[in-house]
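Notes for the one structure printed next.
The values are calculated or read from the model by the stated rules, or taken from the named source; none is laboratory data. Worth saying up front: this structure is predicted, and the values here are computed from it rather than measured. Counting neighbours? That spans all protein chains shown, and the Cβs are built from the backbone with ideal geometry, glycine included. The protein model used for the area step is the full one, side chains on, heavy atoms only, and it has no ligands, DNA or RNA in it. Shrake-Rupley method; radii C 1.70, N 1.55, O 1.52, S 1.80 Å.
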Amino acid sequence: MRVNIDRIQRHVEAIGRFTSTPGNGSTRPSYSPEFRDAYDYMTQKAQALGLQVRIDAVGNLRLRLPGPDDAVPAVFIGSHLDTVIHGGQFDGVLGVVCGLEVIQVLVESAFPHACPIEVISFVEEEGISFRCPLLGSKVVTGQLAIEDLEVLRTDSGESFLDRAKAYGVDPAFVIQDRIEPAKVRAMLELHIEQGAVLESEGLSVGVVDRIAGSENYRVGVTGRANHAGTTPMKLRNDALCAAAEMICAVEDVADSSMSEQTVATVGRILCSPNAANVIAGHVEFSIDIRDVHEDKITCAATAILDRIEAIAEHRGVVCEIALTAKSSPQELAGHIADRIALVAQSLDVPHRRMHSGALHDTAMMGRIADAGMIFVPSRLGISHSPDEWTDYADIEKGANVLLRVVADLAAAKSIMPAPGGQS
Ligand code: HGY
Ligand code: MN
Ligand code: MN
């Protein structure tokens, strides 16, 4: 059995056309018209294969090949179809498309699968609309409840519940769509590396053993708006200069961390009144702190918040810091990583074990079941950009590894320990 790489490429390129910024990357927020186009496209392909298709209460797309006995634990293959703003064509899309391709090859080969196999496209993985990354996978694994969803708002104040209901789903029923640990034989995700390790080492597949966690903050800085021309430098409470010093402190703490894997980013900033001849009165900015070890995240976050408070004190501005999202790092199932490596070896695919600095839904599924991830290289390590690219020759290798691992996991005498049988 082998994947059909031309079919994969056709699906990736078709979905790439569902963007609100054509010619400038993929912009496909959850619940947007473009997002619906992508769901409709995958639904049509899945229905042509005779799969069961449904959108669950929070908006995850579920494409299921029933097993002989649908009550036995299923193999899940997941990823996401929402994107960042001006993102790339492969981030998330590749995992959903390759998941469907794996099912198509198994169906066409009349493979005797002994359990259900389900492709799940998680909603709001990127978190760009409601500042809650991995939302869809956190909900189905019971890590977010309806009460957590009720407080989510966009920057313009629209509630998550209103947006979800306008899309046609009702998160009030998320309990029924929970994925129970006992119902998962394993979860797999194929994803672009979004870093430069594989390319720099000339490898085609990464066997992920650990996924980073993160703490996300929103920082509000309040000074005093004033006239840019008549306010002497000594009499200013400049919120933007204070924020600038704080942002450099974020970089400095991460730079000087003892851990190679600690990163911290300020990617979003809002300045008010944002006028060239007015000293900024209020600034809001984001902080995203990550590492593959929880204690390193805590250490960096503590140092960053301390520095911010000291700068606010010194400059006489008021700062409010809110934790907006948090997810712990996740170790992936050793026996699944071993299986991925063994299959790569048997297919002569050059590979290595590695961590993931990016967050992934697999980390959330890894909280409740045995999960594994397969990376394929990113050209120059670029991602979350229109320049994101992965050679289809590498995608073909990674997808064939995924195909073989899923076939092994779904085989009657699956060699895997029973669910939760972490080795
Ligand atoms: O932010 C991330 O790591 C992922 O791309 N959502
Ligand atoms: Mn992403
Ligand atoms: Mn992704």
Quiz item: In region 130-157, what count of residues is obtained for those that are more than 15 Å from ligand 3 (Cβ to nearest atom), open to solvent by less than 30 Å² (accessible area, probe 1.4 Å) and not hydrophobic (A, V, I, L, M, F, W, C)?
Solution: 2
Exercise. For region 207-222, indicate whether the set of residues that are touching a Phe, Trp or Tyr at 6+ places or on another chain (Cβ under 9 Å), within 16 Å of ligand 3 (Cβ to nearest atom), touching a residue at least 40 places away in the same chain (Cβ under 8 Å) and not in a helix (DSSP H, G or I) is non-empty.
Key: yes
Quiz item: What tally of residues in region 17-51 results from selecting those that are over 13 Å from V93 (Cα atoms), open to solvent by 10 Å² or more (accessible area, probe 1.4 Å) and hydrophobic (A, V, I, L, M, F, W, C)?
Solution: 3
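Condition test on G92, is it within 16 Å of ligand 3 (Cβ to nearest atom) and touching a Leu at 6+ places or on another chain (Cβ under 8 Å)? Let's see the steps before the verdict.
Values: within 16 Å of ligand 3 (Cβ to nearest atom): yes; touching a Leu at 6+ places or on another chain (Cβ under 8 Å): yes.
Against the criterion (within 16 Å of ligand 3 (Cβ to nearest atom) and touching a Leu at 6+ places or on another chain (Cβ under 8 Å)), G92 qualifies.
Looking only at region 186-215, count every residue that is within 16 Å of ligand 1 (Cβ to nearest atom) and either among the hydroxyl-bearing types (S, T, Y) or touching a Gly at 6+ places or on another chain (Cβ under 8 Å) (or both) and tell me the total. Write out each step before concluding.
Looking only at region 186-215, we keep the residues that are within 16 Å of ligand 1 (Cβ to nearest atom), and these are 189-197, 206, 208, 210-215.
Checking the rest, the ones that are also either among the hydroxyl-bearing types (S, T, Y) or touching a Gly at 6+ places or on another chain (Cβ under 8 Å) (or both) come to 189-197, 208, 211-212, 214.
So the answer is 13.
Find the strands (runs of 3 or more DSSP E) located wholly in region 35-115 whose residues include 2 or more that are among the small types (G, A, S) and modelled with pLDDT of 95 or more, and list them. Let's see the steps before the verdict.
Working: elements: 52-55, 61-65, 74-80.
Result: 74-80.
Is it the case that H355 is within 30 Å of A393 (Cα to Cα) and in a helix (DSSP H, G or I)?
Working: within 30 Å of A393 (Cα to Cα): yes; in a helix (DSSP H, G or I): no.
No.
Considering region 5-18 alone, what residues qualify as being more than 18 Å from the chain's Cα centre (by Cα) and in contact (Cβ under 8 Å) with a residue 40 or more places away in the chain?
Going through region 5-18, the residues more than 18 Å from the chain's Cα centre (by Cα) turn out to be 5-11, 13-14, 17-18.
Listed by number, the residues that qualify are I5, R7, I8, Q9, H11, E13.
Being touching a helix residue (DSSP H, G or I) at 6+ places or on another chain (Cβ under 7 Å) and part of a loop (DSSP other than H, G, I, E, B) is the filter; apply it to region 118-128 and report the residue that is nearest to ligand 3 (Cβ to nearest atom). Don't jump to the end; show me each part of the working.
Our first condition is that a residue be touching a helix residue (DSSP H, G or I) at 6+ places or on another chain (Cβ under 7 Å); within region 118-128, this holds for 119, 121-125, 127.
If we keep only those that are part of a loop (DSSP other than H, G, I, E, B) as well, we get 123-125, 127.
Details: V123: 13, E124: 12, E125: 6, G127: 11 Å.
Across region 118-128, the extreme among qualifying residues is E125.
Being closer than 25 Å to V75 by Cα and either assigned to a loop (DSSP other than H, G, I, E, B) or open to solvent by 20 Å² or more (accessible area, probe 1.4 Å) (or both) is the filter here; which residues of region 170-189 pass it? Working first, answer last.
Initial filter on region 170-189 (closer than 25 Å to V75 by Cα): 171, 173-189.
F173, I175, Q176, D177, R178, I179, E180, P181, A182, K183, R185, listed by residue number.
Filter region 52-62 for residues that are open to solvent by less than 40 Å² (accessible area, probe 1.4 Å) and not hydrophobic (A, V, I, L, M, F, W, C) and give the result. Steps first, answer last, please.
As a first pass, look at region 52-62 and keep what is open to solvent by less than 40 Å² (accessible area, probe 1.4 Å): 56-62.
If the condition is that a residue be open to solvent by less than 40 Å² (accessible area, probe 1.4 Å) and not hydrophobic (A, V, I, L, M, F, W, C), then D56, G59, N60, R62 are the ones that fit.
Name the single residue that is surrounded by the most Cβ atoms within 10 Å (Cβ to Cβ) among those in region 358-373 being in a loop (DSSP other than H, G, I, E, B) and away from ligand 3 (no atom under 13 Å from the Cβ).
D370
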Self-check item: Enumeration of residues in region 309-336 that are open to solvent by less than 30 Å² (accessible area, probe 1.4 Å) and more than 14 Å from V219 (Cα to Cα)
Solution: S327, P329, Q330, L332, A333, G334, H335, I336
Quiz prompt | Candidate set: region 125-177, residues that are within 16 Å of ligand 2 (Cβ to nearest atom) and either basic (K, R) or without any contact (Cβ under 8 Å) to a residue 24 or more places away in the chain (or both); chosen: the one farthest from R218 (Cα to Cα) | solution = K138
Quiz item: Before we move on, is G229 in a loop (DSSP other than H, G, I, E, B) and either out of contact with any helix residue (DSSP H, G or I) (no Cβ under 6 Å at 6 or more places or on another chain) or closer than 29 Å to E124 by Cβ (or both)?
Solution: yes
Exercise. Provide a single number: the residues in region 92-124 that are within 16 Å of ligand 1 (Cβ to nearest atom) and either free of Cβ contacts under 8 Å to residues at least 12 places away in the same chain or open to solvent by 10 Å² or more (accessible area, probe 1.4 Å) (or both).
Key: 0
